[in-house]
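Worksheet: one structure, shown below.
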Amino acid sequence: MELTEEILCSSAPLAAMYVCPDCRTLLVDFACPTCRSTYDVRDGIPILLPSDPRFKAATDIAATYDSIYRGHSDVWQNQGRTPQFLEYFASVLGQLPCTRFLEVGCGEGLLLGRLVKGEKFAIDLSIEALKQARMTASASLSVALAERLPFRSAQFDLIASVGVMEHFLDIDEATSEICRVLRPGGHYVALTHINLTLWERLRQKVSDYVLPWPQPGRFVRWLRARLAHRASAELVKQPIQNRYTIREAKAGLERHSLSVVDVLHTRRSPRPPLDPWVVVYVARRGAGR
């Protein structure tokens, strides 16, 4: 009997299985029978980073995020991750079928804790973030890289990432991996920060503060909040910023058998609790690949 068949016939829950991020062989006691790689488990959290030298920077990035999470609480609230936003994003996910869910870049687990459907899995580069996440939500957590997800193919029917696309080391490899572990017909919901064109920024400001009637008070409140946001955001320096336009981000998803079925942004009515430079893409995996 081959290894895969042997494990499938065992009594161990299939949902708890990880694969080697290098060769995708099912791990046995966090060791790979094929390429002989072994993986640490720290504080009960498996460290499943690839050995591919192209992703060596992940170690330094992980250290940076560990420092961020050790030094701050509610790390991303001043960057739009408010309770109102989290409830909204959880409601978007709640409308989609889900028996097994994966969050790529879960941070402190604040979104995970609001989800009620399905088995929950999550990865992040920061073990400090995952330590906080396990106190917030019940989920299988691991330190892993989106470009080399430690999961078997077609394991999830719903995957989400919030503010992570712009930090991928390789957008195409990460999106390809997300598509690989997503079941045909499953959904990937991705929030990313975008670069607005000059025309998009002008149209947004006119919509917010001029039409259908002038709102100078609202503009002053926005300006004060923006200045306060910039001052506080200086405390959190994030590595890797890959900014996209709305079209570029959409095209990046659609290169990988993902069909974008909805795009959520502040020009929608009713207006969602999103910043103007934030877009949420709801994509569905086709039957191909």
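Exactly one residue among Ser153, Ser161 is over 14 Å from the mean Cα position of the chain (by Cα) and polar (S, T, N, Q), and that residue is Ser153.
As a summary of the residue check, Glu166 satisfies the conditions (1) in contact with a His (Cβ under 7 Å, 6 or more places away or on another chain); (2) modelled with pLDDT of 95 or more except for the one numbered (2).
If you go through region 253-274 and keep only what is surrounded by 19 or more Cβ atoms within 10 Å (Cβ to Cβ) and of a type in the set (Ser, Thr, Tyr), you end up with just Ser257.
Contact annotation: residue pairs with Cβ atoms under 9 Å, 6 or more positions apart or on different chains, pairing a residue in region 243-263 that is within 23 Å of Pro276 (Cα to Cα) with a partner that is acidic (Asp, Glu), are Arg243/Glu166; Tyr244/Glu166; Thr245/Glu200; Ile246/Glu200; Ala249/Glu166; Gly252/Asp172; Val260/Glu254.
Restricting attention to region 250-269, which residues are under 19 Å from Phe89 (Cβ atoms) and modelled with pLDDT of 90 or more?
So in region 250-269, the residues under 19 Å from Phe89 (Cβ atoms) come out as 250, 253, 258, 260-269.
Passing the criteria: Lys250, Leu253, Leu258, Val260, Val261, Asp262, Val263, Leu264.
Would region 79-101 turn up any residue that is among the aliphatic types (A, V, I, L, M), more than 26 Å from Ser153 (Cα to Cα) and modelled with pLDDT under 85? No, region 79-101 contains no residue that is among the aliphatic types (A, V, I, L, M), more than 26 Å from Ser153 (Cα to Cα) and modelled with pLDDT under 85.
Being under 24 Å from Asn242 (Cβ atoms), in contact (Cβ under 8 Å) with a residue 60 or more places away in the chain, touching a helix residue (DSSP H, G or I) at 6+ places or on another chain (Cβ under 9 Å) and surrounded by fewer than 23 Cβ atoms within 10 Å (Cβ to Cβ) is the requirement here; does Glu119 meet it? Considered against the rule, which asks whether it is under 24 Å from Asn242 (Cβ atoms), in contact (Cβ under 8 Å) with a residue 60 or more places away in the chain, touching a helix residue (DSSP H, G or I) at 6+ places or on another chain (Cβ under 9 Å) and surrounded by fewer than 23 Cβ atoms within 10 Å (Cβ to Cβ), Glu119 comes out as no.
At least 2 residues that are in contact with a strand residue (DSSP E or B) (Cβ under 7 Å, 6 or more places away or on another chain) and under 26 Å from Trp277 (Cβ atoms) in each: list the helices (runs of 4 or more DSSP H) lying fully within region 72-181 that qualify.
Details: elements: 83-94, 127-136, 171-181.
Fully inside region 72-181 and qualifying: 83-94, 171-181.
Scanning region 275-289 for residues that are closer than 13 Å to Leu191 by Cβ, at pLDDT below 85 and crowded, with 17+ Cβ neighbours inside 10 Å yields a total of 1. Restricted to region 128-156, and to residues there that are within 18 Å of Tyr188 (Cβ to Cβ) and basic (Lys, Arg), the residue that is surrounded by the most Cβ atoms within 10 Å (Cβ to Cβ) is Arg148.
Of the residues making up region 182-219, those that are part of a loop (DSSP other than H, G, I, E, B) and either at pLDDT 60 or above or within 21 Å of Gly109 (Cβ to Cβ) (or both) are Asn195, Trp213, Pro214, Gln215.
The values are calculated or read from the model by the stated rules, or taken from the named source; none is laboratory data. The shown structure was predicted, so the numbers you read here are calculated from the model rather than taken from an experiment. A quick note on method: Cβ atoms are made from the backbone with ideal geometry, for glycine too, and the neighbour counts reach across all protein chains shown.
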